[in-house]
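In what follows, a single structure is set out as structure tokens and then discussed.
The values are calculated or read from the model by the stated rules, or taken from the named source; none is laboratory data. Model, not experiment: these values are computed from the prediction. So basically every Cβ, Gly included, is an ideal-geometry build from the backbone, and we count neighbours across all protein chains shown. Only protein heavy atoms, including side chains, enter the accessible area calculation; ligands, DNA and RNA are left aside. Shrake-Rupley method; radii C 1.70, N 1.55, O 1.52, S 1.80 Å.
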Amino acid sequence: MPSPVLFAVSSAFGLAVWGAVAWHYIWPALRERPSPENLKPILLLHGFRFLGLAFLVPGVVSPELPATFAQPVAYGDFITAILALLVLATLGSGTGTALTWVFNTFGAADLLFAFYLGSRISLPDTPGLLGAGYFILVAYVPLLLITHGLMFRILLRTKAVAPSPSKVRAA
């Protein structure tokens, strides 16, 4: 089977399996938790996006992996990890609400931009450029995309993640 087909099948299976896990296990658990507590597991997961820095490490990826792909992907993921941790530190405040939207919008856009960059350099045609980073794209990125979708669902469903003023006064 040609490399682009294998890459597409691997990515599709990653999305399908993580989608099933999210549908059966992640969403039911998050749905039952009060906001903003339901965001914490997603934010902790995205705190691991420092793993994208691996795209800058020769030996993990091929030295021939174009910097025009590797650098924006690596640093976009790292910025997203920092944003996730900042949101965790401010969750439940007005600042936390604004940062949650910034994190989720930036993080989702970063992943979509990485796919765009990968298509520009025909990455599916030369998966050897990714080295071990291949598994980040086909196993970890689908989970990240799905959890961004879940977070958008939570944010839109709750309208805000900061506690209402009446709840703050009652405490």
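Tell me, which residue of the stretch 99-119 that is touching a helix residue (DSSP H, G or I) at 6+ places or on another chain (Cβ under 9 Å) and free of Cβ contacts under 8 Å to residues at least 12 places away in the same chain is most open to solvent (accessible area, probe 1.4 Å)?
Leu112
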note = Among residues of the stretch 120-151 being of a type in the set (Val, Ile, Thr) and either in contact with a Gly (Cβ under 9 Å, 6 or more places away or on another chain) or buried (at least 18 other Cβ atoms within 10 Å of the Cβ) (or both), the residue farthest from Gly107 (Cα to Cα) is Val138
key: Pairs with Cβ under 6 Å, 6+ apart, first in the stretch 72-85 and in contact (Cβ under 8 Å) with a residue 24 or more places away in the chain, second among the aliphatic types (A, V, I, L, M)   = Val73/Ala114; Phe78/Leu53; Ala84/Leu43
message = With the requirement that a residue be over 15 Å from the mean Cα position of the chain (by Cα), under 13 Å from Ala114 (Cα atoms) and open to solvent by 30 Å² or more (accessible area, probe 1.4 Å), what does the stretch 39-94 give you?
response = Pro66, Ala67, Thr68, Gln71
Candidate set: the stretch 19-36, residues that are open to solvent by 70 Å² or more (accessible area, probe 1.4 Å) and in a helix (DSSP H, G or I); chosen: the one nearest to Phe152 (Cα to Cα) = Arg31
